Amino acid sequence: MKKSLQVTNYRYPLGYGTSLATCRHSYFFPKNPRYYYIFLEALEGITCLLTWNIITGGERMRALWRGSISFGLVNVPVKMYAATERKSLSFRQIHKTCGTPIRYEKVCPFCNRKVEDDEIARGYEYEKGKFVVIEEKDLESIPDETTRTIDIVDFVDLAEIDPVYFDRSYFLGPEETGQKAYLLLFEALKKTGKIAIAKVMIRSKQHLACVRPYGENRLVMETMFYPDEVRDAGEIPISPGVKLHENEIKMAVQLIDSLSADFRPEKYTDEYRKAMLDIIRAKVEGEEIKVPPGREEKVVDLMEALKASLEMVEKEKRKGPGVKRKKAATS
């Protein structure tokens, strides 16, 4: 199946005196990338709202990287996939007068002119205002072994790693020729309770990473921050004279115990995103946006806040599941 960009819906903006229209068209990606960008430029000039789907020929996940896991003399050929996807909404800057998206150009302030892509180089600022240019041929000096290998250097307990070190998650899938070695590594990690600490090159950066078993028979890799990339929490100011009473600690522990539950990720939703989508839908359909009255924050005594919180939790437990908790007062 050919890959295509399928426009599933377009609507004329409000104020054009037309009813909302729905149409369907398919545009196949051309082989020449130049025509693809011409198509995108044309879309930017259309004064309507577009909704589109990318049709990828049935492929559910696309491999971002191919290489191998290396430990000892064992090599496990794998493919890397993004394990997460952002669901946050993104907005474009548009011209208020006509609704056209703003376009930015690459300009050299010294030459005072627009710069084409083939005129742009990659530079590193080693001193203020001084740059050294890094070309592709310079990167060829990096050995291939470090660019396509997840090189395991240690096996450790997961509990030893503070979550602040974790960055992004990637699923690792086996290549056809590495199914047995892949499952062998999975079972060995699961049986020992260890995770692998490794180094891997992704997008011109060597990452610290860990490889661990995930689910029934999968491996997941978490990229990690190096120690010098984690800021010192000791720089956060905390008043040394603050003292806690035993009753306050006891009630705080009771509150935590009463709110404790099994982690079920499906019960947590992005309410802000849902509210924003509702606003967007209402604006598209010409509805009036109603602004709720602001909530007054009350500063109360810490002990009173703890007691009130415990009472609120007990009431909600008596009412049963599905009751939303009220926002706690500032203390």
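The values are calculated or read from the model by the stated rules, or taken from the named source; none is laboratory data. What you see is a predicted model; the values in this text were computed from it and never measured. In this analysis, Cβ positions are derived from the backbone assuming ideal geometry, glycine residues included, and neighbour counts consider all displayed protein chains.
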Residues in the range 123-165 that are part of a strand (DSSP E or B) and modelled with pLDDT under 90 total 1
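Determine whether the range 196-210 contains at least one residue that is farther than 18 Å from Trp65 by Cβ and not aliphatic (A, V, I, L, M). I'd like the intermediate steps shown before the answer.
Filtering the range 196-210 for residues farther than 18 Å from Trp65 by Cβ gives 197.
From what is left, the residues that are not aliphatic (A, V, I, L, M) are none.
So far as the range 196-210 goes, no, none of its residues is farther than 18 Å from Trp65 by Cβ and not aliphatic (A, V, I, L, M).
Evaluate the following for Val153: is it touching a strand residue (DSSP E or B) at 6+ places or on another chain (Cβ under 8 Å), outside the structural domain of Val220 (by TED's automatic domain parsing) and β-branched (Val, Ile, Thr)? Spell out how you get there, then give the answer.
Details: touching a strand residue (DSSP E or B) at 6+ places or on another chain (Cβ under 8 Å): yes; outside the structural domain of Val220 (by TED's automatic domain parsing): no; β-branched (Val, Ile, Thr): yes.
In short, no.
Could you tell me whether Tyr165 is closer than 28 Å to Lys274 by Cα and surrounded by 10 or more Cβ atoms within 10 Å (Cβ to Cβ)?
Criteria not met by Tyr165.
Does Lys317 fit the bill of being at pLDDT 80 or above and part of a helix (DSSP H, G or I)?
Values: at pLDDT 80 or above: no; part of a helix (DSSP H, G or I): yes.
No; evaluated as a whole, the condition is false for this residue.
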